[in-house]
Amino acid sequence: QVQLVESGGGLVQPGGSLSLSCAASTSIFNDHTAAWYRQAPGQQHELVAVITSSGFPDYADSMKGRFTIARDSAANTVSLQMNSLKPEDTAVYYCQTTIWGTTYWGQGTQVTVSS
């Protein structure tokens, strides 16, 4: 059983920055892809960014140039640096990984972008 715990959410003004972190209970990120998703009220989960087991990142189009996903294998963490935040980035952000066909999610962390 893998546990994922997100942290770092909060309230930020438009144009500001936040850094989210996802800590895994075991050493998995070297061997499996990790992803950040988000869910705004009344909407479905939206893919934000992924980082492969080889360390290659990819982003949803609306996040390119503003968000950066990274991993620290020694610490078993995956981070999401978010810059130039907009009100439409407001959502609960979730960490996710799939290991041998089983998908694991964290509990989510709230990000609110508002003046």
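The values are calculated or read from the model by the stated rules, or taken from the named source; none is laboratory data. Since the model is a prediction, treat every value here as computed from it, not as a measurement. Because the Cβ atoms are built from the backbone with ideal geometry, glycine has one as well, and the counts that use them run over all protein chains shown. All accessible areas refer to the heavy atoms of the entire protein, side chains included, with ligands and DNA or RNA removed. Shrake-Rupley method; radii C 1.70, N 1.55, O 1.52, S 1.80 Å.
Tally up the residues in the range 10-42 that are modelled with pLDDT under 95 and of a type outside the set (A, V, I, L, M), please. Adding up the residues that qualify gives 10.
Do any strands (runs of 3 or more DSSP E) entirely within the chain hold 1 or more residues that are among the small types (G, A, S), and if so, which? Before the answer, list the steps.
On the way: elements: 4-7, 10-12, 18-24, 34-39, 46-51, 57-59, 67-72, 77-82, 91-99, 102-105, 109-113.
Per the criteria, 4-7, 10-12, 18-24, 34-39, 46-51, 67-72, 77-82, 91-99.
Of the residues in the range 82-100, at least one is over 16 Å from G8 (Cα atoms) and of a type in the set (A, V, I, L, M, F, W, C). Of all residues in the range 19-56 being over 18 Å from A74 (Cβ atoms) and among the charged types (D, E, K, R), which is surrounded by the fewest Cβ atoms within 10 Å (Cβ to Cβ)? Taking the candidates together, the pick is E46. Exactly one residue out of T103, T68 is open to solvent by 30 Å² or more (accessible area, probe 1.4 Å), of a type in the set (V, I, T), over 18 Å from L4 (Cβ atoms) and in contact with a strand residue (DSSP E or B) (Cβ under 8 Å, 6 or more places away or on another chain), and it is T68. Only one of these is touching a residue at least 60 places away in the same chain (Cβ under 8 Å) and in contact with a strand residue (DSSP E or B) (Cβ under 7 Å, 6 or more places away or on another chain): T77, T98, T112, T90. Name it. Sole residue among the options that is touching a residue at least 60 places away in the same chain (Cβ under 8 Å) and in contact with a strand residue (DSSP E or B) (Cβ under 7 Å, 6 or more places away or on another chain): T112.
Residues checked against (1) among the hydrophobic types (A, V, I, L, M, F, W, C); (2) farther than 20 Å from T112 by Cα; (3) touching a Gly at 6+ places or on another chain (Cβ under 8 Å):
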{"residue": "Q13", "(1), (2), (3)": "no, no, no"}
{"residue": "H45", "(1), (2), (3)": "no, no, no"}
{"residue": "S53", "(1), (2), (3)": "no, yes, no"}
{"residue": "S62", "(1), (2), (3)": "no, no, no"}
{"residue": "A75", "(1), (2), (3)": "yes, yes, no"}
{"residue": "S84", "(1), (2), (3)": "no, no, yes"}
